[in-house]
Amino acid sequence: MTRSVVITGVGAVTPLGVGARTLHERWSAGVSGIEDGFGRAGEFEPKEHLSTKEVRRSDRFTQLALAAAGEAVEDAGWDGAPPGDPDRTACVIGTGIGGIGTLETQHLVMHEQGAGRISPLSIPLLMANAASGVVAMKYDLRGQSFGTVSACAAGAHAIGMAERLIRYGDADCVVTGGSEAAITPLATAAFDKMDALSDSGISRPFDRRRDGFVMGEGAGVLVLEEEEAARERGARILGYLRGYASTSDAHHLTAPEPSGRGAAKAIELALKDAGIEAGDVIYVNAHGTSTPLNDRSETNAIKAAFGEERAHELPVSSTKSAIGHLLGAAGAVESIATLLALRDRIAPPTLNYEEPDEGLDLDYVPNEARPLANGDVRAIGLSNAFGFGGHNAVLCLEAS
Amino acid sequence: MAATATREEIEQRVFKALEEFGAEPDQISPDAEFESMDVDSLDLVELAQIVEDDYGVQLKGEDMEGVKTVRQAVDLVMSKLG
C-alpha cells in the first residue's frame, strides 16, 4: 500500500475544556478536569456550538461529537463542506454506549406516563451510530459512514478503520473519532456495581493505590486525508497516522488478559503496519485506566512489545489521570493528545502518581511534563486503547 | 381546557412549539409550510403530543397526512375539538 494518511485537523471537547489545544495545554500544565469523582465536560454549553434544532435532535454524545467535528474541520481549513469530492469523504465515529441518557429518560417516561408518551426522537437520538450520521449530514460527507462499538476501544477502532478506508482507496478523506456521554444514573450505577469505578474518586494510573477508573465524557474528532490530496489543496499537515492494529484477548468479558498478550500483539502489529522499529517510538500514551488490572497488564504488554530495556527508557503517560475515562471517546481524545504532545515534543504527565506498585516500574512521567527527545529524531508515538470484551486497538502517530 | 380553547390560542401554541423545534421566528406564520421551516414528520409527531397534552385532542398519523401549514394544523385541531 502506498497511500499514506495525514492528519489535517483535530477537535476535542473534554473535562479540561472545549478545544484540542486546551486539552493539550491544560494536561501538560498538570491541570485536572476531574471534580467530585467525575470528569464532566463542564465547559461545554451545547447552544454555543449548535443550532436549536441540532440540540433538540441529538443526544449529548452526538452534541459533543458535533462540537469536536466542528473544531476539527475548521482546523483542517474546511469551509463548511469537504474540500474534495463529498462522495469520497467518509465519516466513522465510535462510541462505547451511545445515547444512554436518552434511553434512560425515555424509559422513565414510558413507565411514568405510558408508551404513548415517549418521544418520536427516542431511537434517532439513542442509536450508537447517531454521531456518525449527524456529522455526515452536517458536512455533506457522502462516502461510507458508520459507528464503531468496542467499549473503550471504540474511538481508536474508528480511527483505525478510517485509516484503512483511505489506504485501501475507498475514501480520500475521513472525519473520524469517538464520543461518549455516559455520566448518567444507570450507567454510573452499573459501572459502580461491577466495581470498575474508583471509590476514592481519584484517577491515579499505575500508582499502588489506584482503585478504579473515574468516569469522564467528551469527544475527539480528527480529519484524516490521503497525503497527496492534502498536499494538493495546500492543507496544513499536523502529522501522520502511520499505522494501526487491533487484536482480541479472547480471555474474559471484562478483565484484560494478565500477561498483556493481546495488547502486546496489537502494539507489535501496529508498529509493523507503520513500518517502524520499536526503538523509534519516543512516547507511549497509555490506556492507563487507574484500574488495578489494566495498569498491570498494560505495563506487561509494553514490556513484552518493546523488550524490558527499551520499555524502561520510554516515557509512558496516561491522559486519564487528568480527564478520567472517556470510554468510547477515550481512544480518539487520547490520540489527539498524543499527536499534540509529539508536535510540541513534550510528554504530558501522569497526574496523582506518588506510590510505585511492585512490577509497575516504567517511566510513567509522574506529575510533571517533560521534554521529549529533541528535534533530531522523528516524533513517533503510540496511543493505546483497550475495551471490555477484550478489544485492543493501537494507533501509531508521527508529528510532522 | 378543550372547551374553551380559541383558534388564536391554538395557533399561538403551535407557533411556540415550532420555535422550540428550531424554526426561525420570522418564518413562522399561519400559511408558512412546515417544510419551508425545516419541520419534518418527526417534529409533527411531537406537535401531535403537545396538542394532546394541552387540548385533549388525539391526532393519528393519518390525520396529519396532507397537513402542510400551521393553518391546516389548527383547522384539524379545531375540527376535532368541535
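The values are calculated or read from the model by the stated rules, or taken from the named source; none is laboratory data. Since we're looking at a predicted model, the values are computed, not measured. Ideal geometry is used to build each Cβ from the backbone, glycine not excepted, and the neighbour counts take in all protein chains shown.
Structure summary
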quantity	calculated
Evaluation of A:Glu104 against (1) away from every other protein chain (no Cβ under 14 Å); (2) crowded, with 17+ Cβ neighbours inside 10 Å; (3) part of a helix (DSSP H, G or I); (4) in contact (Cβ under 8 Å) with a residue 24 or more places away in the chain (one fails), failing number	(2)
Filter result (within 18 Å of B:Met78 (Cα to Cα) and not β-branched (Val, Ile, Thr)) within the stretch B:30-45	B:Pro30, B:Asp31, B:Leu44
Residue, surrounded by the fewest Cβ atoms within 10 Å (Cβ to Cβ), within the stretch B:54-82, restricted to residues that are in a helix (DSSP H, G or I), within 14 Å of chain A (Cβ to nearest Cβ) and modelled with pLDDT under 90	B:Gly61
In the stretch A:121-156, the residues that are assigned to a loop (DSSP other than H, G, I, E, B), over 15 Å from the mean Cα position of the chain (by Cα) and closer than 15 Å to A:Leu103 by Cβ	A:Leu121, A:Met127, A:Ala128, A:Asn129
Complete set of residues in the stretch B:36-51 that are in a helix (DSSP H, G or I), within 9 Å of another protein chain (Cβ to nearest Cβ) and under 16 Å from A:Thr52 (Cβ atoms)	B:Leu42, B:Asp43, B:Glu46
Residue match in the stretch A:58-74 (condition: part of a loop (DSSP other than H, G, I, E, B), within 14 Å of another protein chain (Cβ to nearest Cβ) and closer than 24 Å to A:Gly9 by Cβ)	yes
Residue list for the stretch A:209-267, restricted to those being without any contact (Cβ under 8 Å) to a residue 40 or more places away in the chain, of a type outside the set (Gly, Ala, Ser) and farther than 29 Å from A:Ala90 by Cα	none
Within the stretch A:23-45, tally of residues that are surrounded by 17 or more Cβ atoms within 10 Å (Cβ to Cβ), not in a loop (DSSP other than H, G, I, E, B) and not basic (Lys, Arg)	6
Residue list for the stretch A:31-55, restricted to those being among the polar types (S, T, N, Q) and within 14 Å of chain B (Cβ to nearest Cβ)	A:Ser51, A:Thr52
Top-ranked residue in the stretch A:127-160 [being crowded, with 21+ Cβ neighbours inside 10 Å and within 14 Å of chain B (Cβ to nearest Cβ); ranked as farthest from A:Glu217 (Cα to Cα)]	A:Val134
Output for the stretch A:202-241, where each listed residue is buried (at least 23 other Cβ atoms within 10 Å of the Cβ) and basic (Lys, Arg)	A:Arg204, A:Arg210
Residue check, A:Met110 more than 24 Å from the chain's Cα centre (by Cα), modelled with pLDDT of 95 or more, within 14 Å of chain B (Cβ to nearest Cβ) and on the phi < 0 side of the Ramachandran plot	yes
Positions within the stretch B:32-64 being of a type in the set (Val, Ile, Thr) and more than 14 Å from A:Leu121 (Cβ to Cβ), in sequence order	B:Val51, B:Val57
A:Thr22 vs. criteria touching a Phe, Trp or Tyr at 6+ places or on another chain (Cβ under 7 Å), in the same structural domain as A:Glu226 (by TED's automatic domain parsing) and within 23 Å of A:Phe213 (Cβ to Cβ)	no
